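Novice: Can you keep this structure in mind? I'll have questions shortly.
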Amino acid sequence: MRTEIKELYDYLEQCDDELTIHEKQLMNLKILHIAEKYLSQTKNKDIIDIYHQAHHYWQTLDKQVNLDELDDHAWELNNKLFGIRYGHHIDGILLRFLLGTTEKNSDKDYFDQLFDFYDSLINRAEKLGK
């Protein structure tokens, strides 16, 4: 397991079953930091825009960013470009990282499963040589 993911697990372990907005903020910013490593490898303007909007939201908690609309847009883009076959292209892997940051879910178990998924995404990116 990657150090970044282990740090997220360690932080999550200290949280209650329902995460606060500030706990989610901290974790999503760390997730976006991981995703940022792959951002330079995409030319897809929609993916880059989703990253910047999600980052702005979690950095500022600015209510002008509608997280529900951003989540819908990200899923529509994912379905249009990749469907379930996202793992063979860095854009698909990056978009899957971002999908987790556009979700409003506050359940601790959700994040626990999400971190497992992120670890597998990093493995896929490494297999692609990224």
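Values in this text are rule-based calculations from the coordinates and carry no lab data. Keep in mind the model is a prediction, meaning the values are calculated, not measured. Glycine also receives a Cβ, built like all others from the backbone with ideal geometry; neighbour counts cover every protein chain displayed.
Novice: Please give the FRET efficiency for Leu81 paired with Asp10, using the beta carbon to beta carbon distance and R0 = 25 Å, rounded to the nearest 0.05. Intermediate values should be presented prior to the final figure.
Specialist: Numbers: r = 34 Å, r/R0 = 1.35.
Approximately 0.15, to the nearest 0.05.
Novice: Within the range 1-30, which residues have the backbone N less than 12 Å from the label spot 7 Å out from Ser106 along Cα→beta-carbon, could you tell me?
Specialist: 16-25
Novice: Once phi is turned into ³J(HN,Hα) by the Karplus curve 6.51 cos²θ - 1.76 cosθ + 1.60 with θ = phi - 60°, what whole-Hz value does each residue of the range 14-31 show in order, with x for glycine and proline?
Specialist: Karplus values, whole Hz, x for Gly and Pro: 7, 7, 6, 5, 10, 6, 7, 4, 6, 5, 5, 4, 4, 5, 5, 5, 5, 5.
Novice: Still on this structure: Using packing as a proxy for protection, rank 5-13, 62-70 so that the peptide with the highest average count of other Cβ atoms within 10 Å comes first. Walk me through the intermediate numbers first.
Specialist: Working: 5-13: 14.7, 62-70: 12.4.
Per-residue mean Cβ counts within 10 Å order the peptides as 5-13, 62-70.
Novice: Percent relative contact order of the chain, based on C-alpha pairs within less than 8 angstrom and at least six residues apart?
Specialist: 36 percent
Novice: Can you give the FRET efficiency to the nearest 0.05 for His89 and Leu61, using r as the Cβ-Cβ distance and R₀ = 30 Å?
Specialist: Details: r = 32 Å, r/R0 = 1.05.
For His89 and Leu61, the calculated efficiency is 0.40.
Novice: Something else about it: Based on the mean of other Cβ atoms within 10 Å per residue, sort peptides 23-35, 92-104 so the most packed one is first. Could you put the intermediate results ahead of the total?
Specialist: Working: 23-35: 18.2, 92-104: 22.1.
Ranking the peptides 23-35, 92-104 by packing returns 92-104, 23-35.
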